[in-house]
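Before any comments, here is the structure.
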Amino acid sequence: MQDNRTTVRTRFAPSPTGYMHIGNLRTALYGYLFAKKEGGKFVLRLEDTDSKRYVAGAVQIIYDTLKDAGIVYDEGPDVGGEFGPYIQSERADIYRKYAEELVRRGGAYYCFCDKERLESLKDENGVGRYDKHCLHLSAEEVARRLAAGEPYVIRQNVPEEGSGTYEDLVYGTVTVDFKDIEDGILLKSDGMPTYNFANVVDDHLMGITHVIRGSEYLSSTPKYNLMYDAFGWERPQYVHLPPIMKNAHEKLSKRNGDASYQDLVAKGYIPQAIVNYIALLGWNPKDNREKMSLAELEESFSLAGLNKSPAIFDEPKLRWLSGEYIKEMSDEAFAACARPFLEKSKVYGKYDEAKVLRLLKTRVEILSEIPEKIDFLEEFGEIDPALYNNKKMKTDASVAAQVLPAALQALSAAECFENAPLYEAMVALAAQNGWKNGQVLWCVRIALTGRESTPGGASEMAELLGKERCIRRLQQAADALNRA
């Protein structure tokens, strides 16, 4: 069924149950991008009717995450709009009205079955299916029991035969047999709706034209369509998204503690990189670009680029993207992002911060790497002579024993203790003694840092350490080799 409304309206309807899983953020992002591309509206709605799953503070997490990701909604609980309230728990009277209307139209019925009867319908595995018992109650008995104040729920009346077919804009034609759909509860005994009912009512009343959600809803969509049809409402268009997998066999799962947006930010991934990467989990731009700003995503996004195939969360690729965004930052922006991680280092405050950050900016992919990358700046003990071994550089402890005293003398004489002149001094030292440049640079770097891998070469490390520390470490390293 085609949607004849002219203005595209999409929605993101999360439940406030904790941190935002990247699958949820992808749903929000695609809804936002599609609305932007089509000149439409993007709506935030909070589905908080399941009080047992509600987590204190989760609503603020939703607001903060969307804001941090740059996903700006046109209507929502905190910004208002003409179709509010946008919080389901504030719409109970609306749901009751439409549930009772659906009963009158034959699409639902009152159910008075108690817990014991429902339990009796379950098999030895605890699996049960409602048997439509209360569908056959007379109108008089229903009225009598309602008047007596008996507890009840309202259940959907799903046909026992036939099937439901609809067109999905990603998966094509989908058909589900009605015999595989149970008469689910639409309105609970406390008067609150279930997700299955509330999302249909809200999507219609809020004018949602395109419902974008995970592929796990493919098989349940026909029961939503039964409600649309019973009310005489126009069905929205459906866009079901492929799952995000942690590997070829396992889905990423919020319940299993897999990646949330907040987890990734806490690890030091750049927010723009996270959004960029999530956009590529199930969608391909026509030009196959990988690095795209939010503005570029808004311009390029189309439903035609969505895939049916599951998307595998490739953290190395996200790391690479994060590093690319870091490289493009201004020094000021990088400093602001990096400082909280820099403060966790044991050497925070002991070195020139600007010099440290300048070295790190092109050498980190995620900000949580920072403390480890600069921990060599902390004073350390005697260096293992084996660290000087490098086949490519043709160095070992015996070569270092020759290089270090000469380097100590050359650097002690250096008047300008900055990267470029220090590098020139070490290259000149190599030439004077018939050594390769790499032999001098490798031995000096090991002596200064005690590590094979550092965010910069020997001369950069020397400048960062400063002349006093540099001379002291070279002397200690040379003395240790003499004792060996």
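A few points about this structure:
- Qualifying residue in the stretch 227-243 (condition: open to solvent by 10 Å² or more (accessible area, probe 1.4 Å), farther than 19 Å from Lys97 by Cα and in contact with a strand residue (DSSP E or B) (Cβ under 6 Å, 6 or more places away or on another chain)): yes
- For the stretch 205-220, filtering for residues that are in contact (Cβ under 8 Å) with a residue 60 or more places away in the chain, more than 21 Å from the chain's Cα centre (by Cα) and surrounded by fewer than 19 Cβ atoms within 10 Å (Cβ to Cβ) leaves 2.
- Subset of the stretch 210-222 (residues that are of a type in the set (A, V, I, L, M) and part of a loop (DSSP other than H, G, I, E, B)): Leu218
- Yes/no for Lys251 being touching a residue at least 60 places away in the same chain (Cβ under 8 Å), touching a helix residue (DSSP H, G or I) at 6+ places or on another chain (Cβ under 9 Å), open to solvent by 20 Å² or more (accessible area, probe 1.4 Å) and basic (Lys, Arg): no
- Test: residue in the stretch 194-201 that is more than 18 Å from Ser15 (Cβ to Cβ) and among the hydroxyl-bearing types (Ser, Thr, Tyr): no
- Residue check for Gly172: more than 29 Å from the chain's Cα centre (by Cα), more than 19 Å from Thr10 (Cβ to Cβ) and either surrounded by fewer than 17 Cβ atoms within 10 Å (Cβ to Cβ) or free of Cβ contacts under 8 Å to residues at least 24 places away in the same chain (or both): no
- Qualifying residue in the stretch 12-23 (condition: part of a helix (DSSP H, G or I) and closer than 17 Å to Tyr261 by Cβ): yes
- Extreme residue, most open to solvent (accessible area, probe 1.4 Å), among residues of the stretch 141-157 that are among the small types (Gly, Ala, Ser) and in a loop (DSSP other than H, G, I, E, B): Ala148
- Listed by first and then second residue, the pairs with beta-carbon distance under 8 Å, at least 6 apart or on different chains, first residue in the stretch 359-385 and touching a residue at least 24 places away in the same chain (Cβ under 8 Å) and open to solvent by 70 Å² or more (accessible area, probe 1.4 Å), second in a helix (DSSP H, G or I) and not basic (Lys, Arg), are Thr362/Ile326; Glu382/Gln476; Glu382/Ala480.
- Conditions (1) at pLDDT 95 or above; (2) surrounded by 21 or more Cβ atoms within 10 Å (Cβ to Cβ); (3) within 20 Å of the chain's Cα centre (by Cα): number failed by Gly23: (1)
- On the stretch given as the stretch 406-440, residues that are open to solvent by less than 60 Å² (accessible area, probe 1.4 Å) and more than 18 Å from Glu460 (Cα to Cα) total 2.
- Taking the criterion of being over 16 Å from Tyr86 (Cα atoms) and either over 20 Å from the mean Cα position of the chain (by Cα) or β-branched (Val, Ile, Thr) (or both), the residues of the stretch 32-60 that qualify are Ala35, Lys36, Lys37, Glu38, Gly39, Gly40, Ser51, Lys52, Arg53, Tyr54, Val55, Ala56.
- Leading residue by the ranking (nearest to Glu150 (Cα to Cα)) among those in the stretch 74-87 that are free of Cβ contacts under 8 Å to residues at least 12 places away in the same chain, part of a loop (DSSP other than H, G, I, E, B) and open to solvent by less than 50 Å² (accessible area, probe 1.4 Å): Pro85
- Condition check for Glu182: closer than 20 Å to Tyr109 by Cβ and surrounded by 13 or more Cβ atoms within 10 Å (Cβ to Cβ): yes
Yes or no, residue by residue, for (1) touching a residue at least 24 places away in the same chain (Cβ under 8 Å); (2) surrounded by 24 or more Cβ atoms within 10 Å (Cβ to Cβ):
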site: Cys443; (1), (2): yes, yes
site: Ser453; (1), (2): no, no
site: Glu463; (1), (2): yes, no
site: Gly466; (1), (2): yes, no
site: Arg472; (1), (2): no, no
site: Gln476; (1), (2): yes, no
site: Asn482; (1), (2): yes, no
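- The set of residues in the stretch 88-131 that are touching a residue at least 40 places away in the same chain (Cβ under 8 Å), closer than 19 Å to Asp48 by Cα and surrounded by fewer than 17 Cβ atoms within 10 Å (Cβ to Cβ) comprises Ser89, Ala92, Ile94, Arg96.
- Output for the stretch 34-70, where each listed residue is surrounded by 16 or more Cβ atoms within 10 Å (Cβ to Cβ), free of Cβ contacts under 8 Å to residues at least 60 places away in the same chain and part of a loop (DSSP other than H, G, I, E, B): Glu38, Asp48
The values are calculated or read from the model by the stated rules, or taken from the named source; none is laboratory data. On a predicted model such as this, the values are computed, not experimentally measured, just so you know. Using ideal geometry, Cβ is built from the backbone for each residue, glycine included, and neighbour counts are taken over all protein chains shown. Calculation scope for accessible area: heavy atoms of the full protein, side chains included, ligands and nucleic acids excluded. Shrake-Rupley method; radii C 1.70, N 1.55, O 1.52, S 1.80 Å.
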